[in-house]
1. With a cut-off of at least 3 residues that are touching a His at 6+ places or on another chain (Cβ under 7 Å) and either at pLDDT 95 or above or surrounded by fewer than 16 Cβ atoms within 10 Å (Cβ to Cβ) (or both), name the strands (runs of 3 or more DSSP E) lying wholly within segment 153-272.
2. Give the number of residues within segment 273-298 that are among the polar types (S, T, N, Q), without any contact (Cβ under 8 Å) to a residue 40 or more places away in the chain and outside any helix (DSSP H, G or I).
3. Search segment 53-65 for residues that are over 18 Å from ALA27 (Cβ atoms) and pair each with any residue that is surrounded by 13 or more Cβ atoms within 10 Å (Cβ to Cβ) when their beta-carbon atoms are under 8 Å apart and the residues are at least 6 apart or on different chains.
4. Of the residues in segment 123-153, how many are in contact with a strand residue (DSSP E or B) (Cβ under 9 Å, 6 or more places away or on another chain) and β-branched (Val, Ile, Thr)?
5. From the list LEU116, LEU55, LEU68, LEU63, which residue is of a type outside the set (Phe, Trp, Tyr) and surrounded by fewer than 18 Cβ atoms within 10 Å (Cβ to Cβ)?
6. Does any residue in segment 138-152 that is of a type outside the set (A, V, I, L, M) come within less than 6 Å, Cβ to Cβ, of a residue that is assigned to a loop (DSSP other than H, G, I, E, B) and modelled with pLDDT of 95 or more six or more places away or on a different chain, and which pairs are these?
7. Tell me, which residue of segment 173-209 that is basic (Lys, Arg) and under 29 Å from ASP287 (Cα atoms) is nearest to the chain's Cα centre (by Cα)?
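The values are calculated or read from the model by the stated rules, or taken from the named source; none is laboratory data. Quick caveat: nothing in here was measured; it's all calculated off a predicted structure. Here the Cβ positions follow ideal geometry from the backbone for every residue, glycine too, while neighbour counts run over all protein chains shown.
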Amino acid sequence: MLSIIVISFTPNKIRLSQRIKILVTGASGQLGHAIKKMAGNFPSLEFHLLPREQLSLTDNDALNNFFLKHSPDWCINTAAYTLVDKSEIEKEQAMLVNGAAVGNLASLCKVYNTSLIHISTDYVFDGNGTSPYTANAPINPINTYGVSKAEGERQAISQGGNVYIIRTSWVYGKEGNNFVKTMIRLMKDRAELGIVNDQFGCPTNASDLAEVIMKIILSHPIIPSGIYHYSNSGVTTWYHFALAIKELTGSTCEVRPVDTASYPTPAKRPAYSVMDTSKISKALSIDIINWRESLKAFLKG
């Protein structure tokens with residue numbers, strides 16, 4: 001966990017004598033749960049961890065009322081429509097939640113002088129690259145989910161407030177559905193699995209991402225707003241990710257590689273979505289843990 005002493009914050013906004021108020025939307029998801037788990041480590045912060053059932057991004061009245069009543073200093077938006085394949089059918093819903101609703105949230109943050117940390121995705125890239133995408137690399141999403149997340153980024157930035165966009169990839173955590181939990185379950189139920197071996201990316205432990213988010217908040221205003229990339233370090237494929245899970249859990253399931261063409265899905269996936277994390281590493285003066293080491297710690301926890 002982070003051990004940080006809060007010395008100062010934005011003038012005219014936060015004083016040492018008052019608690020920093022943080023709204024976390026989508027708090028029932030895996031990143032929201034990771035933030036909730038570590039919230040007790042920061043007694044100087046006042047967390048409002050609200051799941052969709054309590055505060056929906058698409059409920060403008062509820063959002064307006066919350067900001068009017070609490071005027072949070074920070075908003076961490078982990079809420080999103082994340083069903084990649086289903087978004088090809090429910091395009092309007094994906095665009096509403098991931099696009100227009102983010103714009104509305106960013107507008108409220110601007111009005112109330114609330115700093116916004118918005119979580120985005122590697123899927124804003126087309127996957128045609130061969131070297132890690134930098135934060136200022138051109139985006140070109142190839143599925144509806146990616147298009148909707150790109151629109152959310154655009155709308156958040158267009159409001160002109162203090163906005164941090166963190167693109168991340170292949171997130172897994174203790175709560176919710178994710179690749180790690182799915183592999184553990186399937187490896188218990190099946191003797192053999194075929195896993196895609198021609199899509200390259202970087203797994204991200206939700207707890208590691210949550211720590212980085214907290215460090216941004218507690219380092220403000222030293223860390224400038226803008227677009228950042230964060231994932232655990234290293235590059236892998238879904239197949240090799242699955243192999244690591246197999247080895248670390250002692251599974252006897254046979255895991256074999258398959259190509260994307262052998263496993264068609266409604267939404268096209270980028271073949272290469274590795275992101276360059278040097279910007280956030282330098283800004284926060286952190287060494288990013290390798291995905292294998294973080295996976296090992298996750299499975300032991």
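1. In segment 153-272, 163-168 are the strands (runs of 3 or more DSSP E) which contain 3 or more residues that are touching a His at 6+ places or on another chain (Cβ under 7 Å) and either at pLDDT 95 or above or surrounded by fewer than 16 Cβ atoms within 10 Å (Cβ to Cβ) (or both).
2. 1
3. ASN60/ASN104; ASN64/LEU108
4. Count: 4.
5. LEU68
6. ASN140/ASP126; ASN143/ALA267; ASN143/LYS268; TYR145/VAL84
7. Restricting to residues being basic (Lys, Arg) and under 29 Å from ASP287 (Cα atoms), the top hit is LYS174.
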